[in-house]
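Notes for the one structure printed next.
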């Protein structure tokens with residue numbers, strides 16, 4: 001007599017939750033009490049380091065806000081400084097504020113396209129390899145070079161007759177070498193590594209299948225870079241640019257050496273608009289230094305007020321970065337929407 005065969009039993013499946021998903025595996029040693037004492041010390045040290053940095057940041061912002069609001073007056077923002085050794089009795093810091101904006105715009109305008117182009121070439125092409133390594137090492141060297149060294153190099157460079165159009169000439173025909181254009185060109189070197197690093201990181205995080213899909217649709221590599229990759233890392237580029245702008249706005253050495261660090265804007269030349277760019281001036285950083293207790297302006301109250309305005313500019317840049325990143329997330333242009341996790 002033939003015996004009936006039983007159908008094979010279905011494979012055992014782990015119990016699932018109400019949503020049909022398998023339960024989350026419980027990690028071992030989730031309780032800190034089960035850790036070794038060395039791990040507990042390391043965990044506490046990490047928390048302590050994070051809280052210390054937060055406390056330092058809050059302390060700086062809080063102190064400068066307290067002193068800045070205490071001495072900041074609307075008249076300081078809209079009045080020109082006077083050429084007086086005692087700045088406590090005359091003028092505001094309108095000219096240094098305008099100088100900060102002009103210098104930051106020039107520097108980031110030069111740095112951003114150069115950094116984006118270099119990062120795109122290294123990530124997407126990188127040939128010849130030896131040249132890509134030289135470019136990468138050169139940017140790292142620029143990032144680690146002290147500001148005062150960059151300033152001295154710029155002064156020697158822009159005093160050559162070939163660059164006479166960027167500043168103005170003295171009575172004997174010598175090129176002065178100091179102007180917003182020359183200072184902005186050297187400030188671009190400060191911002192370039194930040195924009196370069198942010199752009200390269202964004203391009204490297206884009207999955208390879210995104211490029212392959214574009215090639216499959218008949219797009220060339222150049223079209224893929226222009227229409228797919230660069231729009232996808234727009235938030236990265238904006239972040240690097242904002243960090244670079246903060247670095248430019250907070251620098252002092254290049255301002256003193258290549259801009260003159262004067263209280264008032266001093267246009268040079270006869271071409272309207274270009275006169276300011278080829279002239280000298282100062283920024284909020286040089287104004288703060290000159291009027292600080294260590295300076296000769298004898299106006300520490302104005303130094304606190306100017307430092308608070310400079311801090312507000314940096315905070316505004318950070319909010320702008322956050323806004324651009326969130327907007328990119330809504331429009332689907334960030335790399336995470338392309339599959340990068």
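Structure values in brief
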| quantity | calculated |
| --- | --- |
| Stretch gain in nm, segment residue 319-residue 140, where the contour uses 0.36 nm per residue and the Cα spacing is subtracted | 61.7 nm |
| Alpha carbon centroid spacing (whole Å) that separates region 32-52 from region 131-198 | 45 Å |
| All-pairs alpha carbon distance profile, region 98-232, 10 Å steps from 0, percent | 11, 32, 29, 18, 9, 2, 0 |
| Ascending count of other beta-carbon atoms within 10 Å, so fewest first, for 217, 77, 230 | 217, 77, 230 |
| Taking 64, 186 and counting other C-beta atoms within 10 Å, the order from fewest to most | 64, 186 |
| Cα gyration tensor category, rounded, prolate or oblate, for region 23-166 with a/c compared to 1.5 | oblate |
| Anisotropy class of region 52-131 from Cα gyration tensor, a/c 1.5 cut | oblate |
| Percentage, to the nearest whole number, of Cα pairs in region 72-338 over 24 Å apart | 56 percent |
| Per-residue Cβ neighbour rank within 10 angstrom, fewest leading, 312, 192 | 312, 192 |
| Förster-model FRET efficiency, 25 Å R0, residue 55 and residue 312, C-beta, rounded to 0.05 | 0.75 |
| Fully extended contour minus Cα-Cα distance, from residue 40 to residue 90, at 0.36 nm per residue | 12.2 nm |
| Rounded Å value of the spacing that divides the Cα centres of region 214-256 and region 268-303 | 31 Å |
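FYI, it's all coordinate maths here, none of it is from the lab. A quick note: this is a predicted structure, and the numbers were derived from the prediction, not measured. Reconstructed Cβ throughout: ideal geometry from the backbone, glycine too, with neighbour counts over all protein chains shown.
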